[in-house]
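Working notes, structure below.
The values are calculated or read from the model by the stated rules, or taken from the named source; none is laboratory data. Since this is a predicted model, take the numbers as computed values, not measurements. In this analysis, Cβ positions are derived from the backbone assuming ideal geometry, glycine residues included, and neighbour counts consider all displayed protein chains. Accessible surface is based on the protein model in full, side chains and every heavy atom, while ligands, DNA and RNA are left aside. Shrake-Rupley method; radii C 1.70, N 1.55, O 1.52, S 1.80 Å.
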Amino acid sequence: MASEILMPGPVCLIENIEGKLGVNQEALKILSAFTQPLVVVAIVGLYRTGKSYLMNKLVGRNEGFSVGSTVQSHTKGIWMWCVPHPAEPNHTLVLLDTEGLGDVEKGDQNNDTQIFALAILLSSTFVYNTMNVIDQRAIDLLYYVIELSNHLSTVSPPDLDGVEDAADAVSFCPDLVWTLRDFYLSLEADGKHITADDYLENSLKLKEDTDENHQIFNLPRRCIQTFFARKKCFVFDSPTHRKKLAQLPTLHKDKLDPDFVQQVEDFCSYILHHSKTKTLSGGIKVNGPCLESLVLTYVNAISSGNLPSMENTVLALAQIKNSTAVQKAIAHYDQQMGQKVQLPTENLQELLDLHRTSEKEAIEVFIKNSFKDVDQRCQKELETLLKGKQDDFRNQNLEASSDRCSALLQDIFGPLEEYAKQLVYSKPGGHRLFIQKREELKAKYYQEPRKGIQAEEALQNYLQSKESVSDVILYTDLVYTAKEKERKEAYLKAEAAKADTRMLEEFKRHNQQMMEERERQHQEHLRQLEINREQLLKEQQMAMERQL
């Protein structure tokens with residue numbers, strides 16, 4: 001297990017013999033044994049600026065990396081110290097201390113920049129240790145080495161899948177920690193106190209106009225800002241009196257400037273708690289064998305002598321950064337559209353408006369993150385990709401609208417279809433009732449929100465697909481209506497016949513009653529005549545009797 005491996009002190013990882021870099025095989029064996037994820041912290045700076053002192057403090061030691069006290073550069077090549085990470089369980093902290101830059105005895109600036117570039121490429125946190133202030137020389141040197149690093153980072157170890165993808169090369173970019181030793185300025189700007197981070201940001205701030213001199217001024221700063229996603233700055237006072245600096249590693253804390261002691265503690269705390277795991281493209285976390293492959297690859301690339309010119313290196317950087325800028329722009333577009341667009345949209349214009357807004361923001365993201373996009377080639381590529389995205393959204397919108405409308409139509413008109421199957425409308429007048437119900441359901445469908453641009457077409461297609469049902473109901477309606485008419489006519493005829501019979505019988509009965517009444521009246525009349533006759537005879541008889 002990596003956690004069981006103990007390194008009592010640093011070993012030389014990359015040797016620098018007479019200006020030629022080579023890999024120490026024994027150090028590689030030690031490195032390859034660490035199987036846990038690595039947090040790699042490398043430090044670079046001028047010789048005799050206290051780099052090794054800071055690296056020893058990260059281990060909590062006064063000794064380890066060689067700390068010289070003479071005018072000669074002490075550390076040669078790149079030295080490695082692997083220790084259990086004190087703040088990140090199951091991780092190994094790898095410290096890389098580099099040969100000091102600007103050694104007058106060496107006189108080979110190219111060798112300096114090679115070591116500088118290796119430190120950037122191998123680290124997840126890169127400490128740039130300079131003296132006193134942030135000046136143009138330090139900025140220009142960092143800029144040039146970044147360009148060299150980008151060229152080297154495109155060289156992929158054969159056993160590391162995905163590293164060769166230029167668009168993923170940003171995964172090689174470490175965090176930048178800029179340390180300023182023996183800082184003598186006041187942290188003030190415009191009469192106000194600023195932080196060390198503010199000082200760094202102000203030093204890397206771009207000039208906004210298009211003056212040619214300003215473009216030259218902006219180039220290295222834009223490169224540094226683009227390359228390092230996260231930047232931090234620490235300032236250090238002089239640790240002690242100049243005469244005592246030679247004994248710095250052995251001086252007790254109370255013999256050092258209290259401000260310096262606190263500054264070192266703050267630096268160590270930040271490094272240990274904020275340094276990220278060294279990660280390659282595709283989220284591959286680097287362990288010992290992986291870092292071993294990177295070391296071999298980069299040193300072999302440097303040894304081959306096939307390093308590009310300054311111009312070609314800038315172009316390589318631009319390609320990587322602009323490809324990444326395109327990806328960031330596309331990611332921003334996808335995020336914005338994902339948050340803003342609710343498919344289906346009510347109409348096409350709503351979708352186009354959202355696309356234009358997100359497209360504009362995406363282009364702004366690209367411009368902000370791009371670098372030397374010659375002839376706006378990458379921006380045009382982005383615009384083509386965004387046009388494709390727009391077309392995809394239009395197709396998705398059509399599909400979403402169709403799906404939404406299909407579901408609505410089935411939900412709304414489903415019961416009507418079921419009633420038709422159950423022959424509810426198979427009766428005289430059923431077609432009229434069917435059409436009436438269908439119109440009511442159409443009105444309900446129109447009232448439903450967010451149907452999208454396929455609403456009318458989907459409805460008409462649905463109604464057309466159901467015309468056969470309407471035709472069957474109409475036919476059935478006509479058949480049943482005809483039969484009903486025949487039935488009614490037969491009924492009416494039968495009722496009429498019955499009525500005629502009733503009228504005839506009534507007529508006969510009425511005649512019979514009239515005849516009977518007439519006979520009764522006749523008999524009554526005869527009876528009355530008989531009564532009258534008898535009365536007359538009686539009266540005549542009485543008259544005769546009176547005459548007698």
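For the subset of segment 10-29 comprising residues that are buried (at least 20 other Cβ atoms within 10 Å of the Cβ) and out of contact with any helix residue (DSSP H, G or I) (no Cβ under 8 Å at 6 or more places or on another chain), which member is farthest from VAL295 (Cα to Cα)?
Out of the qualifying residues, it is PRO10.
Looking only at segment 390-402, decide whether some residue is among the small types (Gly, Ala, Ser), open to solvent by 30 Å² or more (accessible area, probe 1.4 Å) and modelled with pLDDT of 90 or more.
The answer is yes, given that some residue of segment 390-402 is among the small types (Gly, Ala, Ser), open to solvent by 30 Å² or more (accessible area, probe 1.4 Å) and modelled with pLDDT of 90 or more.
Output yes when any residue across segment 454-472 is under 30 Å from LEU352 (Cα atoms) and outside any helix (DSSP H, G or I), and no when none is.
Yes.
I need the full set of residues from segment 413-459 which are crowded, with 17+ Cβ neighbours inside 10 Å and under 30 Å from ASN395 (Cβ atoms), in order please.
Across segment 413-459, the qualifying residues are PHE413, TYR445, LYS451, GLY452, ILE453, GLN454, ALA455, ALA458, LEU459.
Consider PRO344 against the criteria (1) more than 28 Å from PHE217 (Cα to Cα); (2) touching a residue at least 40 places away in the same chain (Cβ under 8 Å); (3) in a helix (DSSP H, G or I): it satisfies all of them except one. Which criterion is unmet?
Status for PRO344: all satisfied but (3).
Search segment 356-373 for residues being in contact with a Leu (Cβ under 8 Å, 6 or more places away or on another chain) and assigned to a helix (DSSP H, G or I), and hand back the single one that is farthest from VAL326 (Cα to Cα).
Ranking the qualifying residues of segment 356-373, first place goes to GLU359.
Residues LYS368, LYS380: which one is among the charged types (D, E, K, R), modelled with pLDDT of 90 or more, closer than 16 Å to ILE330 by Cβ and loosely packed, with under 15 Cβ neighbours inside 10 Å?
Details: LYS368 fails: modelled with pLDDT of 90 or more.
Result of the check over LYS368, LYS380: LYS380.
Might you let me know whether segment 526-542 holds any residue that is farther than 30 Å from LYS421 by Cα, open to solvent by less than 90 Å² (accessible area, probe 1.4 Å) and acidic (Asp, Glu)?
Within segment 526-542, one or more residues are farther than 30 Å from LYS421 by Cα, open to solvent by less than 90 Å² (accessible area, probe 1.4 Å) and acidic (Asp, Glu).
Spot the failing condition for GLY283; the list is (1) surrounded by 16 or more Cβ atoms within 10 Å (Cβ to Cβ); (2) modelled with pLDDT under 80, and only one is missed.
(1)
Rundown of residues vs (1) at pLDDT 90 or above; (2) in a helix (DSSP H, G or I), yes/no style:
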position	(1), (2)
ALA167	no, yes
SER186	no, no
ASP197	yes, yes
LYS205	yes, no
GLU208	no, no
PHE217	no, yes
PRO220	no, yes
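Conditions: (1) in contact with a Cys (Cβ under 6 Å, 6 or more places away or on another chain); (2) surrounded by 21 or more Cβ atoms within 10 Å (Cβ to Cβ); (3) not aromatic (Phe, Trp, Tyr). VAL44 meets all but one. Number of the miss?
Answer for VAL44: the failing condition is (1).
Within segment 417-436, can you find the residues that are of a type outside the set (Gly, Ala, Ser), part of a helix (DSSP H, G or I) and touching a helix residue (DSSP H, G or I) at 6+ places or on another chain (Cβ under 6 Å)? Don't jump to the end; show me each part of the working.
At the first step, the residues of segment 417-436 found to be of a type outside the set (Gly, Ala, Ser) are 417-419, 421-425, 427-428, 431-436.
Narrowing further to those that are part of a helix (DSSP H, G or I): 417-419, 421, 431-436.
Selection gives HIS431, PHE434.
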